[in-house]
Amino acid sequence: MKKSYSIHGIIPLIGDSHRYKTDKGEISLVYPSMFTFDLYEIYCVEGDLFDDIERYNSIEDAEERIGSLLL
């Protein structure tokens, strides 16, 4: 799985995001901020992996879900 780092938001309060990509698709992980209700959010950027936004309390939970979708 390829992981690319730090796509910083236009507004500093939005926070950083990481992208994870395999042949199955691409997922963006957005770090907690006031705009994400202080939760980690994942979005499907490419592929038909899941609908809408998924939110997690910890980065471990978010990355576990990302791994299960992309590997």
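What follows is calculated from the coordinates using simple rules that are stated; it is not laboratory data. Here the structure is a predicted model, which means the values were calculated and not measured.
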Gain in length, residue 55 to residue 35, computed as 0.36 nm per residue apart minus the alpha-carbon separation, to one decimal in nm?
-> 6.0 nm
Once you sort the root eigenvalues of the Cα gyration tensor of segment 29-71 as a ≥ b ≥ c, which label holds: rounded (a/c under 1.5), prolate (a/b larger than b/c) or oblate (the other case)?
-> oblate
For segment 48-60, what does the Karplus curve 6.51 cos²θ - 1.76 cosθ + 1.60, with θ = phi - 60°, yield as ³J(HN,Hα) per residue in whole Hz, taken in order and with x for Gly and Pro?
-> 10, 8, 6, 9, 6, 10, 10, 10, 9, 6, 10, 5, 4
